[in-house]
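Accompanying notes for the structure given below.
The values are calculated or read from the model by the stated rules, or taken from the named source; none is laboratory data. Everything numeric here is computed off the predicted structure, so don't read it as measured data. Note that we place each Cβ from the backbone using ideal geometry, even for glycine, and neighbour counts take in every protein chain shown. Surface accessibility is based on the protein's heavy atoms, side chains included, excluding ligands, DNA and RNA. Shrake-Rupley method; radii C 1.70, N 1.55, O 1.52, S 1.80 Å.
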Amino acid sequence: MKPTFSLILHALQGLLLVVVSRAYTVISDDALTSIPRPGEDFDIKNGKLLSPILQPRVPGSQGSTNVLKHFVDFFHNDLPQWKVSLQNSTSKTPVTGNKEIPFVNLIAARDPPWAKAGEVGYLTLVAHYDSKRTPEGFIGATDSAAPCAMLMHTARSLDEALTKKWAVMHQAGIKQEDYDLGLEEHKGIQIILLDGEEAFDQWTKKDSIYGSKSLAADMEATFHPALSTYHNAISSIHLFVLLDLLGEGTPTPKIPSYFKLTHWAYQNMATLEDRLRAQSLLLSSPNHPSRRSTSNSGRIRTNSQQLKRAEPKWFWDLDKSNDRWLGGLIEDDHLPFMARGVDVLHLIPNPFPTVWHKATDDGEHLDMDTVGDWTILVTAFAAEWLDLDGYMDVQTTKKRAANDQQAGNMVSKTEL
Ligand SMILES: [Zn+2]
């Protein structure tokens, strides 16, 4: 068949859209500095975001219902402009006989206010909220209560900037034709909190990732109106960023680059990590001013007296000249999405945390500096993907200098 002119035009528009959709805007140092840390909302005993998740939450249990309600209430009360939906399924498991166990995934999304269904491409940030049945009372703080709380804080930290960006775009009179021609793009953000990741008995293809398998199939079958940019819900996902087993501080988490197709995103994460370290914005760094060692005399050494320790690197795997990609090795919630053609960035350390699937994977064993640092890093990446530079709540240089001075005063007090 010979292509018609309109077909060629259509193909060119499609090409343009692909080029535009890869847009990714680096944020300024000021914007990076302005990203709020979760602070006391991540307190493991009574912090607003994290502490309600730190309870056993096996699918179908009261704990699971409590935690799901916590998520729904959070979006309802704190982020009312996010559209929240629940996706339900049931399944038998190897250890629960004929009983159908319910699995409930939560999807929260924020779209540009004018965007039509099927026109929004998403950065999709994902973690699982269920906990493992055993050992008895298992909390799963890194697996994955903390990652869920990180994503809640990320959503909250970007909300205002999204509102500002879209208001400016609206005032500038961005026209629907610009989108139709692929000259502009509807970018949105999706947070997915999955149920049923853990095996009930032993991890097998059947006994694992119950929620993810059901959601991926459901999204594939959810069609958008004809002629939409994205023909179904699953094709609207530009990048599926899966957070798992994060929150242990020692040993330093090491994140490999698992997938060739998303190495570009891995590189952007690595660059942001470097920038945050260079600006002393990662509290888990051994060189952060708050982690000064004491000298033999018992006095706290000043920065100039203290030898700089080797700076850790979470994203160490930039050099992929050997072309060895470990993508298939770790089975996790991304698999049903990847099988349907979704690009995946998997943020899971290798090796796994030392507390993995042990009773000690609880709130007390989280390294809160590391948890906060992950939150900042993921938020910064999302801000860049969503082109939010210029819309973040940037402190003025003067105000920042005053804050720095205040922080300096506090440090010098500890030297007495
Ligand atoms: Zn697990």
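Structure above, values below:
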quantity	calculated
Leading residue by the ranking (most open to solvent (accessible area, probe 1.4 Å)) among those in region 307-337 that are within 16 Å of the ligand (Cβ to nearest atom) and either within 25 Å of G121 (Cβ to Cβ) or in contact with a strand residue (DSSP E or B) (Cβ under 8 Å, 6 or more places away or on another chain) (or both)	L335
Matching option when the condition is of a type outside the set (G, A, S), within 16 Å of the ligand (Cβ to nearest atom) and in a loop (DSSP other than H, G, I, E, B), among P80, P56, P94	P56
Among (1) over 20 Å from the mean Cα position of the chain (by Cα); (2) open to solvent by less than 10 Å² (accessible area, probe 1.4 Å); (3) more than 16 Å from the ligand (Cβ to nearest atom), the one test that F138 misses	(3)
Residues being surrounded by 15 or more Cβ atoms within 10 Å (Cβ to Cβ), over 19 Å from W385 (Cα atoms) and more than 17 Å from the chain's Cα centre (by Cα) - total across region 232-251	3
Of all residues in region 338-381 being touching a strand residue (DSSP E or B) at 6+ places or on another chain (Cβ under 6 Å) and either assigned to a helix (DSSP H, G or I) or within 16 Å of the ligand (Cβ to nearest atom) (or both), the one that is nearest to H231 (Cα to Cα)	M338
Region 117-132: number of residues that are away from the ligand (no atom under 11 Å from the Cβ) and either open to solvent by less than 20 Å² (accessible area, probe 1.4 Å) or out of contact with any helix residue (DSSP H, G or I) (no Cβ under 9 Å at 6 or more places or on another chain) (or both)	10
Boolean, D201 is part of a loop (DSSP other than H, G, I, E, B), within 16 Å of the ligand (Cβ to nearest atom) and open to solvent by less than 10 Å² (accessible area, probe 1.4 Å)	no
Pairs where the first residue, in region 64-80, is over 16 Å from L54 (Cα atoms) and the second is assigned to a loop (DSSP other than H, G, I, E, B) and at pLDDT 95 or above, C-beta under 6 Å, 6+ apart	F75/W82
